[in-house]
Structures are given as structure tokens and as C-alpha cells.
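Notes to accompany the following structure.
The values are calculated or read from the model by the stated rules, or taken from the named source; none is laboratory data. These numbers were taken from a predicted model, which means no experiment stands behind them. As a convention, Cβ positions derive from the backbone with ideal geometry for all residues, glycine included, and neighbour counts pool all protein chains shown.
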Amino acid sequence: MKKILAVSAALAIILSSLFLNGCEDKKQTKSTTATTSTTAPAKTDKDQKNTSKELKEYLDSFTKGDNPVYGTWKIEGIKALSYIFRNDGYAQLAMGTEADFTKLVLDKDKKTLGVAFVLGLNGTYNYTFSKGNKVLTLKSDKDSFTLTRQKDYNLIPPAPKNPKIDKNILGWWKSQGGQTYFFGSDGIMYSNNITMETCYTYNAVKGKIKAVYDYAGKVKINLDYKLKKDSLYIDNVEYRKSKP
């Protein structure tokens, strides 16, 4: 919850600055006390590449569909932000390796798109395409935006060199409340806490996860974890093995 509040506050500050031709960023970090667990060396380079591929395919699956609106877009003149329109009824505002969620309301017949981000795209827009669906124009009574399509969903950072990985926590985990973690053998970690999703580089050793993500600069977090029977506890929240 602390991370959600910190990110929401920082997002408002950063977005305000960007739309006013300035930029100021400020982030908070999270620190907790370690517990115990077993550790093992990271897997081979081949395994690491396959892990990154699995996560990328999962994230890319949300930007495929029969409507050319789906995909990753950037507004002209604002390089730091990406707008992601997904096929599961959500849109995202991404910066670095983190993306916030909002509802996406599409009417294919009327060709309207509705979103409610903190700043920037906020409202219902008529949409049109040009240049082979590579340029998207959004217009409302108040605003007009031109967006260009991006090739890749870019939340995943480059894998770190020689990460320290606990092999017992690798894979997908989900809490009863629907929060998700993924731990890759290549030192890439992913989290989805329903309001936002984040990709990190990480090390997991002796009951402590040390992770770094990018949000207008590098942000470090520390998490406690422990394994008990078939459950993984992260900061005392229980997660069970799951599928993407």
C-alpha cells in the first residue's frame, strides 16, 4: 500500500511537469527485515533467455487483437510516457518499467475510446488512424492528441549479470487477493498488484529480495520472503503457485 501511494503521488508530480514542459521526480523506497530461505545459483544463459521470453510473451499478449487501437503508443513531444491499450478492458500509462492501470472503454461502431488517467488522456475520444494504423488521432470537444505506434511493450529491463537467485521461488505466484509475482531465473522479477504492474531486476538470497525498477530514475525496494510448505510469503502475504 505504501508503494501504491508513493507511486500515485509521484505520477501526478511527474505528469504535471511533463505537460508543463518540465520534469521533477521524487520516489520513496521500501525497507523490511529479512527472513530465511534456501538459495541456489542462477540457471544457464539459455534458461535465462527463455525466462525473459516467457514474460515478454505474456505481456505482449495483451496488445494483440482485432482492433488496431490495441498496442503501445506515444504522444508526440512526450518521450518519457507510453500509453498502452489492452485487449482485456484496461489501458496503462507506463514510465520506465512501471505502468498504472485504468479502465479502457471502446466502442468499435462509434469509434470512441474512453480512459481516465491522472493527466493527459482523460475522457472519451473519437479515434481515427492514418499511415497504415501507425498513427492514432484522438479528439474530444476539449482535446486532441496524436499518438504513434511503438513496436514493443517495453516494461522489461535488461537482465542483470550474475544475479543471485533462490530457485525455490522461481515462476508465477498469486495471492488470494489477486496480486501476482513472477520470478525469473535471469534476475527479472514482475509484480501486478491490480492497480499497477512493474518489472524489476532482482536478487533473492537468505529471505530477502532486493529489487530495482525504473520510474523516472532507479528505485530500490527490499522485501522479506519465506517458504512454508506450498506457499510463498512476501512481506507476510501468502502467495500460491499459479499460471500466468
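Condition (residue is hydrophobic (A, V, I, L, M, F, W, C) and part of a loop (DSSP other than H, G, I, E, B)) applied to segment 134-149: is it met by at least one residue? No: segment 134-149 contains no residue that is hydrophobic (A, V, I, L, M, F, W, C) and part of a loop (DSSP other than H, G, I, E, B).
Check 166, 100, 141 and return the single one that is out of contact with any helix residue (DSSP H, G or I) (no Cβ under 6 Å at 6 or more places or on another chain) and more than 30 Å from residue 224 (Cβ to Cβ).
Details: 166 fails: more than 30 Å from residue 224 (Cβ to Cβ); 100 fails: more than 30 Å from residue 224 (Cβ to Cβ).
Being out of contact with any helix residue (DSSP H, G or I) (no Cβ under 6 Å at 6 or more places or on another chain) and more than 30 Å from residue 224 (Cβ to Cβ) holds for just one of 166, 100, 141, which is 141.
Among 125, 190, 200, 213, which is touching a Ser or Thr at 6+ places or on another chain (Cβ under 6 Å), within 30 Å of residue 229 (Cα to Cα) and of a type in the set (Phe, Trp, Tyr)? Step through it out loud before you land on a result.
Details: 125 fails: within 30 Å of residue 229 (Cα to Cα); 190 fails: touching a Ser or Thr at 6+ places or on another chain (Cβ under 6 Å); 200 fails: touching a Ser or Thr at 6+ places or on another chain (Cβ under 6 Å).
Selected residue: 213, the only one of 125, 190, 200, 213 that is touching a Ser or Thr at 6+ places or on another chain (Cβ under 6 Å), within 30 Å of residue 229 (Cα to Cα) and of a type in the set (Phe, Trp, Tyr).
None of 154, 87 is modelled with pLDDT of 95 or more, under 18 Å from the mean Cα position of the chain (by Cα) and in a loop (DSSP other than H, G, I, E, B) except 87.
Search segment 112-145 for residues being on the phi > 0 side of the Ramachandran plot and among the small types (Gly, Ala, Ser), and hand back the single one that is surrounded by the most Cβ atoms within 10 Å (Cβ to Cβ). It would help to see each step written out before you state the result.
Filtering segment 112-145 down to residues on the phi > 0 side of the Ramachandran plot leaves 120, 123, 131-133.
If we keep only those that are among the small types (Gly, Ala, Ser) as well, we get 120, 123, 132.
Details: 120: 16, 123: 14, 132: 8.
It comes out as 120.
Give segment 212-244 a look and list any residue that's in contact with a Leu (Cβ under 7 Å, 6 or more places away or on another chain) and either in a loop (DSSP other than H, G, I, E, B) or without any contact (Cβ under 8 Å) to a residue 40 or more places away in the chain (or both), or say none.
Our first condition is that a residue be in contact with a Leu (Cβ under 7 Å, 6 or more places away or on another chain); within segment 212-244, this holds for 225, 234-235, 239.
235, the sole residue that qualifies.
Checking each residue in segment 54-106 for being closer than 16 Å to residue 138 by Cβ and among the acidic types (Asp, Glu) picks out only 76. Among the conditions (1) closer than 22 Å to residue 101 by Cβ; (2) of a type outside the set (Lys, Arg); (3) surrounded by fewer than 18 Cβ atoms within 10 Å (Cβ to Cβ), the only one that residue 200 does not satisfy is (3).
Here residue 70 clears all of (1) at pLDDT below 95; (2) at negative phi except the condition numbered (1).
Output the number of residues of segment 87-136 satisfying the condition of being of a type in the set (Gly, Ala, Ser) and within 30 Å of residue 158 (Cα to Cα).
As a first pass, look at segment 87-136 and keep what is of a type in the set (Gly, Ala, Ser): 89, 91, 94, 96, 99, 114, 116, 120, 123, 130, 132.
Still in the running and within 30 Å of residue 158 (Cα to Cα): 89, 91, 94, 96, 99, 120.
Residues meeting the conditions: 6.
Residues in segment 96-109 that are over 18 Å from the mean Cα position of the chain (by Cα) and touching a residue at least 12 places away in the same chain (Cβ under 8 Å): 105, 106, 108. Quick check: is even one residue across segment 185-192 surrounded by fewer than 18 Cβ atoms within 10 Å (Cβ to Cβ) and over 20 Å from residue 218 (Cβ atoms)? Yes, some residue in segment 185-192 is surrounded by fewer than 18 Cβ atoms within 10 Å (Cβ to Cβ) and over 20 Å from residue 218 (Cβ atoms).
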